[in-house]
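Presented below is the structure to which this report refers.
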Amino acid sequence: MKGFTIWLTGLSGSGKTTIAKELQKKLLMLGYKAELLDGDEVRRNLSPDLGFSKQDREMHAKRVVYISKLLTRNGIISIVSLISPYRAFRAYAREELKDFVEVYVKCSIDTCIKRDPKGLYKKALNGEIQDMTGIQDPYEEPLNPEVTVDTDRQSVDECVDTILARLHQLGYINTLIEERRSDAKQR
Ligand SMILES: Nc1ncnc2c1ncn2[C@@H]1O[C@H](COP(=O)(O)OP(=O)(O)O)[C@@H](O)[C@H]1O
Ligand SMILES: [Mg+2]
């Protein structure tokens, strides 16, 4: 099995974590090894020392790239869900990881503010947070992602199926039936 990285980028509240979890579940059901490196949880464990300045975000993201590299070189699919607002950084991640599928989790800022699953936009709009992506800090949209899903318009399942179809098209995954056949051949 070949390892690769699925990199989900998008605004806070766009749906990265929701989609990443569902995607991992489906990949596991298809018989793949897939690990999830989700923004918040990884941050708590790997970067409790870092904040949200450009420099800190970049340092944190570099650590995530490193872990992703360890996983993928051992044949594991690494799903990274991280706002990763800067194009230059995502280009760095692509360059480091090579087998890289960039997924733009697209969602209007208005919808993200309406969803506000963590109450962060409310705080940013009140001035309690000063470095919120999409409010005070920029989000640089991907120019050429492998996949774009639009969570304003598509359901979670539709987004996940769009990503799986693209992974298949890119040759990263086979169908379940093909998987079983090749397993049988090896035995
Ligand atoms: N198509 C969709 N894809 C993902 N999330 C969606 C979608 N439609 C609505 N949502 C909701 O939007 C919110 C997204 O939150 P979350 O996944 O934590 O975003 P992020 O990780 O990008 O900050 C969740 O409450 C989710 O149920
Ligand atoms: Mg999240």
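The values are calculated or read from the model by the stated rules, or taken from the named source; none is laboratory data. Only a predicted model underlies this, so the values are computations on that prediction, with no experimental measurement involved. Cβ atoms come from the backbone with ideal geometry, glycine included; neighbour counts cover every protein chain shown.
Filtering the stretch 110-154 down to residues that are polar (S, T, N, Q) and assigned to a loop (DSSP other than H, G, I, E, B), which residue is surrounded by the most Cβ atoms within 10 Å (Cβ to Cβ)? Residue satisfying both the conditions and the ranking: 151. For residues that are within 16 Å of ligand 2 (Cβ to nearest atom), touching an Asp or Glu at 6+ places or on another chain (Cβ under 9 Å) and of a type outside the set (Val, Ile, Thr), scanning just the stretch 17-40, find the one that is nearest to residue 84 (Cα to Cα). Going through the qualifying residues, I end up with 20. It is to be established whether one or more residues within the stretch 121-135 are over 30 Å from residue 30 (Cα atoms) and touching a Pro at 6+ places or on another chain (Cβ under 9 Å). Scanning the stretch 121-135, I find at least one residue that is over 30 Å from residue 30 (Cα atoms) and touching a Pro at 6+ places or on another chain (Cβ under 9 Å), so the answer is yes.
Filtered by the rule that a residue be more than 18 Å from residue 84 (Cβ to Cβ) and aliphatic (A, V, I, L, M), the stretch 125-155 gives 125, 129.
Considering each residue of the stretch 20-29 in turn, at least one proves to be in contact with a Ser or Thr (Cβ under 6 Å, 6 or more places away or on another chain) and either hydroxyl-bearing (Ser, Thr, Tyr) or at pLDDT 95 or above (or both).
Of the listed requirements (1) touching a residue at least 40 places away in the same chain (Cβ under 8 Å); (2) within 20 Å of residue 112 (Cβ to Cβ); (3) part of a helix (DSSP H, G or I), residue 13 misses just one: (3).
Within the stretch 30-68, the set of residues being touching a Ser or Thr at 6+ places or on another chain (Cβ under 8 Å), among the small types (Gly, Ala, Ser) and either at pLDDT below 95 or within 16 Å of ligand 1 (Cβ to nearest atom) (or both) comprises 39, 61. Within this structure, residue 43 fails the test of being assigned to a helix (DSSP H, G or I), more than 14 Å from ligand 2 (Cβ to nearest atom), buried (at least 16 other Cβ atoms within 10 Å of the Cβ) and charged (D, E, K, R).
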